[in-house]
Every structure is written in C-alpha cells, then in structure tokens.
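The values are calculated or read from the model by the stated rules, or taken from the named source; none is laboratory data. Remember, predicted model here, so these are calculated numbers, not experimental data. Neighbour counts are summed over all protein chains in view; Cβ atoms, including those assigned to glycine, are modelled from backbone coordinates with ideal geometry. What goes into the accessible areas is simple: the full protein's heavy atoms, side chains included, and nothing from ligands, DNA or RNA. Shrake-Rupley method; radii C 1.70, N 1.55, O 1.52, S 1.80 Å.
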Amino acid sequence: MLLWVTLTCVSAISAPALGHSQWGNLRTKGADREGNELDKHASQPHIIFILADDQGFRDVGYHGSEIKTPTLDRLAAEGVKLENYYVQPICSPSRSQFITGRYQIHTGLQHSVIRPTQPNCLPLDNVTLPQKLKDVGYATHMVGKWHLGFYKRDCMPTQRGFDSFFGSLLGSGDYYSHFKCDSPGVCGYDLYEGESAAWGQGSGLYSTLMYTQKVEGILAAHDPRRPLFLYVAFQAVHSPLQVPSRYLERYRSIPNLHRRKYAAMVSCLDEAVLNITQALKRYGYYDNSILVYSSDNGGQPMAGGSNWPLRGSKGTYWEGGIRAVGFVHSPLLANRGGRCRGLVHITDWYPTLVTLAEGQLEEDLHLDGYDVWEAISEGRPSPRQDILHNIDPIYIKAKNGSWKAGFGIWNTAVQAAIRVGHWKLLTGIPGYSDWVPPQTFSSLMTNRWHSERVSWDRGKSVWLFNITADPYERVDLSRRHPEVVKRLLLKLAQYNKTAVPVRYPAKDSRSNPQLHGGVWGPWYKEEEEEEGGGNLITNHLDKKRRRKKVKKKRKLRRKS
C-alpha cells in the first residue's frame, strides 16, 4: 500500500517572531532625509544566503552523518529544516536558477555547466536577484564561487547586480594557490576583487577561511541600519580534496582517505558558518536577519561525499543528485524548531526573498519560482506542486528510448525528469544509479558497492516513482501506472514547448589565460558580440550540421 503524506511544512516548536519594528527607533543624527530612508528600510531584513558546493544529503550531522557539524545542526534545529528541498544536479544550473528564479529551459542552460573556455554566461536579458534587491535599497555583496560565465565584462558579478565581488569565476580550483587548469597549457589564476585579479590577496590562504574573513570584513564595514544582501558561495566541499591538517586530526578513525579529507572539509565549512553567524550578532545584524543554507547539488561518492540512503549522486536526476541539504535560520520565523516537508525548489528563493525585501515581482520576469515563505515560516501548504528538474535535448540519448515508449507523447530517449505531487518521472539516461551505503567508506574502496549495486537495464528509458512513499527510488511503478506516466509525459511536453535554444558554444582559444597575463577573465570584445550573448547556437548542433554538409558534398562528388 502506498503511503500518502500531505505536502505541508510542519513545525514542532512554535515561537513568536521578532518584529521588524525593532529597528524602528534607530536614527542617525543629521538630515530628515536620511532619517526617512532609515524608516523606509526598517522593515527590510538582512538576507544572508550561504551556498555549499557538492555537500551530500547525508553529510550533515542531523541527517545521521559521522561528520561533525555542530553549527549547522544547531542553526537548523533553531530554524526550519527543509526536508523536501530540491536543487539541480550540477553547479551552473543551480546557481542560475537561484539568481534568476527560472528553470534552465528558460535560460538556455539546459546542458552541462558553463565551461571556462566557452563564450557563454547567464543570459544578459535576465533580471537577477541582486538587481531586484538593489532596486529597493539593498547593498549587495558576493563572496565565493561565481560559475555563471565571464567571457565578457557584462557577464561579471559586478555587472549583474552585486556592489562588490570577491572570489573565483570558475567552477573549481586549488584551495590555496587559486590556480586552475582547464586542459594542458590552459592554466591561470582565478581570484578576483571586483573586476580585477586579486593578486596576492589569497597569499596561500585556504579559500574557506579566506572567504569567511572577507564576509566578516563586509559585515564590519556596513551600516546594519541599511538592508544587506550577502551571497556567500563557498568553494567547499568541491574537489580537489584539500584541507588544513588540523581538521584532519578529528577524523583519523576514517580509513578511506577521500572520505577523511572530505569530512575535514565539511567541519571547516561548519566552523566558517559559525564565524559568520557570530559576526552577524557582533555587528548588529542578527535580530533582523534571514540566513538560508543550501547545497548546490548532491555529493560525489568518488570524492568522499555521501547521499545515503538516497539513490544516485551529483550529476544525476536520481534523488541523490537533486535533493539537497537546506534550512532557514532566522529570529523572524513565525514557527521555529521544525521541519518543512512541502516542496521547495531553488528557483523559489528569488520570489521569496524579493517579497520579503518588499520588492516588486513584475509579470515580465516570467518566474518559475514561488513565494514559499509562509510555507516555511508558518507551516502552511507549499504553493509548489511540481518541479521540472530538467529537459536536456543534447545529453546522450537512451538507445532504446522512442516515441512509442512514450505513448506518442514524448521521445523517451531524451534525458528529462519531472516531479508532480508525489510522483516523479525520469526518461532517457538519468545518470549513475547506484546506492552508495556508509560502509563503502570503511575501506580503501575495496568491495566498494557491497550488496547495494544494481544492474543497469539498458532496455529501459522510463521510470516512475512515488517519492513520498519511496524516497529511495527502489520500486519502479511505470508499468503499474501507465496513466500516471502519460499524464507526466504530457506535462513534460507542455514544458518543452516553452524551452529556448540550448546555449553551449564551442570553446574559444582566445580564452587561454596565457594570453591575458596568466589570469582567467573576460576575453571577448563588445564589438565581436552579435546579440549580447542572447542566442548562442550549441557546439553540438553546429558540429552535426557541418557533418551533414560534408556528407552531402561527398555524395554529390561521387555522383558527378
């Protein structure tokens, strides 16, 4: 018998919210105009969004991990844990959806991540979250990993709504030297202050510690009477697995070296969040603040991460790739100390935070996110009933997928995933599908999969799960419920009609840092851009067209 649970946010402990009016009596001595501005901002909360990189679903203490995360555990326990919270399976898509409130199919970022050598970035016609917050008086600062493209100046964080930026532009790099090689001979420095390389600022400092110091500096310098949006996108705990030795000492009992380093990196990250929280209190922000913590995708077991008991890993559309660690901590929550079990997606932060900031959400923003604050804060039902996880028309097609298998509604060879209510449908090749149990990490990768490994059914291209009853995706119901499969395929087809062309251009040799003083950074000149980066044709499709033309010419030559 299937278990049905109402998708609502339930709070175990109720506590009255601290009113925004607590800031109302704050005034500066001076002109009435400045006093009026302070009155205007008194009800706007400070927003701190902390994004971890590649933290697995299990890799937090309150999910049963052996990794010690006392800060995250306490903040989550005193706030609201998001236990039905979804992100995207890889870096750039999650970040793009957070900052635009829109699905990948509506920004052209359906396929893979933005590569450092591609003339590609978050489309410039999207109004970003920091831009909306600036419109209503917020100071906006970003510290950490960008990974939304930088091929020209207009793509840089400081051109997309942030007053300041300190961090990296690429998806990964050395935690100490801040260098990154994309391929042999294509290497460069990747640490920026604003729009210039921050030479010497890192000074060999571990990035988690470096970013925390920068955040503390921003909080110390800003006037807490004025609203602040602070986006902290840590590099941790993405590979390479690097960490100061003092954190490793805590995990000497873990024989698996990858897991040991990874655990130490998570502990360092937990300490960083503690230091940020203490700074919020020390400098007068905390009582009027909202802190959101989220991972950008699931963990990678080969790099020490764990999503147990969820199926799959980073880069897949199984729950292990897309169900994330997340919570909200704030004195402004109406109900604190509970769990939100309603559907929440990373696109929801955009409308939720803009509304809390007293901003406007115009219809022409074409948002895919919902305002979920009442669901999180008050335990009301979530307004979100479905999630389009993605439709990727370029990803490798399933050999046995077909329109026939999709009842003539959908080509099941195409990689796609959707959640509607309790149901989740996957088509094509969803990605690596094993479960990786905790005992995997008790050895040096010998006997790695134990009894949990599943054989891959190459003839399969459709899966259906009741995620509420079966969150571990062990029982495929596609044959038992063909009517549900048809309904969700139809929903996929309807979404696909709204999709824009994929942006995945060929790499550009001019991106090589060796041509730009050894630094990764913008290389495109404005006059070279035809349409502001709005409609780049995919490299994949370009190659296919060229091949067809070559074949056609060869045939004509043979005939002649």
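Restricting the search to the stretch 247-267, which residues are closer than 11 Å to I67 by Cα, open to solvent by less than 10 Å² (accessible area, probe 1.4 Å) and of a type outside the set (D, E, K, R)?
Y251, Y262, A263, A264, M265, V266, S267 - these are the residues of the stretch 247-267 that are closer than 11 Å to I67 by Cα, open to solvent by less than 10 Å² (accessible area, probe 1.4 Å) and of a type outside the set (D, E, K, R).
Under 7 Å between Cβ atoms, which residue pairs at least 6 apart in sequence (or on different chains) link something in the stretch 420-440 that is part of a helix (DSSP H, G or I) with a partner that is surrounded by 24 or more Cβ atoms within 10 Å (Cβ to Cβ)?
Final answer for the pair search is P438/S306; P438/W308; T440/P301.
Within the bounds of the stretch 78-98, is there any residue that is among the small types (G, A, S), more than 20 Å from the chain's Cα centre (by Cα) and open to solvent by 30 Å² or more (accessible area, probe 1.4 Å)? Break it down into steps so the answer makes sense when it comes.
Restricting attention to the stretch 78-98, the residues satisfying the condition of being among the small types (G, A, S) are 79, 92, 94, 96.
Cutting the leftovers down to more than 20 Å from the chain's Cα centre (by Cα) gives us 79.
Filter once more, keeping what is open to solvent by 30 Å² or more (accessible area, probe 1.4 Å): none.
No: the stretch 78-98 contains no residue that is among the small types (G, A, S), more than 20 Å from the chain's Cα centre (by Cα) and open to solvent by 30 Å² or more (accessible area, probe 1.4 Å).
What number of residues within the stretch 194-215 satisfy the criterion of being over 20 Å from A236 (Cβ atoms) and within 24 Å of the chain's Cα centre (by Cα)?
Residues of the stretch 194-215 that are over 20 Å from A236 (Cβ atoms), as a first pass: 194-197, 199-200.
Remaining after also requiring within 24 Å of the chain's Cα centre (by Cα): 194-195.
Going through the stretch 194-215 one residue at a time, the tally reaches 2.
Filtering the stretch 183-210 down to residues that are among the polar types (S, T, N, Q) and assigned to a strand (DSSP E or B), which residue is farthest from R160 (Cα to Cα)?
S183
Only one residue in L248, L274 is in contact (Cβ under 8 Å) with a residue 12 or more places away in the chain and within 30 Å of P331 (Cβ to Cβ). Which one? Let's see the steps before the verdict.
Numbers: L248 fails: within 30 Å of P331 (Cβ to Cβ).
Step by step, each of L248, L274 is checked, and only L274 is in contact (Cβ under 8 Å) with a residue 12 or more places away in the chain and within 30 Å of P331 (Cβ to Cβ).
Of all residues in the stretch 198-208, which are touching a strand residue (DSSP E or B) at 6+ places or on another chain (Cβ under 9 Å) and open to solvent by 50 Å² or more (accessible area, probe 1.4 Å)?
W199, Q201
With respect to Q22, determine if the residue is open to solvent by 30 Å² or more (accessible area, probe 1.4 Å) and either in a helix (DSSP H, G or I) or modelled with pLDDT of 95 or more (or both).
Taking the combined requirement at face value, the residue satisfies it.
Kindly provide the set of residues from the stretch 212-230 that are buried (at least 22 other Cβ atoms within 10 Å of the Cβ), closer than 16 Å to R282 by Cβ and touching a strand residue (DSSP E or B) at 6+ places or on another chain (Cβ under 7 Å), ordered by number.
V215, L228, L230
When only residues in the stretch 499-515 that are touching a residue at least 24 places away in the same chain (Cβ under 8 Å), among the aliphatic types (A, V, I, L, M) and open to solvent by 40 Å² or more (accessible area, probe 1.4 Å) count, which is farthest from L388 (Cα to Cα)?
Once the filter is applied, the top-ranked residue is A506.
Can you go through I114, I105 and tell me which one is farther than 29 Å from E216 by Cβ and either hydroxyl-bearing (S, T, Y) or out of contact with any Phe, Trp or Tyr (no Cβ under 8 Å at 6 or more places or on another chain) (or both)?
I114
Listed residues G167, G149; which is assigned to a strand (DSSP E or B), modelled with pLDDT of 95 or more and open to solvent by less than 10 Å² (accessible area, probe 1.4 Å)?
When all the criteria are applied, what remains is G167.
Check every one of the strands (runs of 3 or more DSSP E) wholly within the stretch 278-341 and list those with 1 or more residues that are modelled with pLDDT under 95 and buried (at least 22 other Cβ atoms within 10 Å of the Cβ).
none
I'm checking my understanding of the structure. Among residues of the stretch 371-394 that are open to solvent by 20 Å² or more (accessible area, probe 1.4 Å) and part of a helix (DSSP H, G or I), which one is nearest to V502 (Cα to Cα)?
The qualifying residue nearest to V502 (Cα to Cα) is W373.
Out of all the residues in the stretch 409-419, which are among the aliphatic types (A, V, I, L, M) and either at pLDDT below 95 or assigned to a strand (DSSP E or B) (or both)?
If the condition is that a residue be among the aliphatic types (A, V, I, L, M) and either at pLDDT below 95 or assigned to a strand (DSSP E or B) (or both), then A416, A417, I418 are the ones that fit.
Residue-by-condition table, conditions (1) of a type in the set (F, W, Y); (2) surrounded by 14 or more Cβ atoms within 10 Å (Cβ to Cβ); (3) in contact (Cβ under 8 Å) with a residue 12 or more places away in the chain:
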position: Y175; (1), (2), (3): yes, yes, yes
position: C187; (1), (2), (3): no, yes, yes
position: M210; (1), (2), (3): no, yes, no
position: V232; (1), (2), (3): no, yes, yes
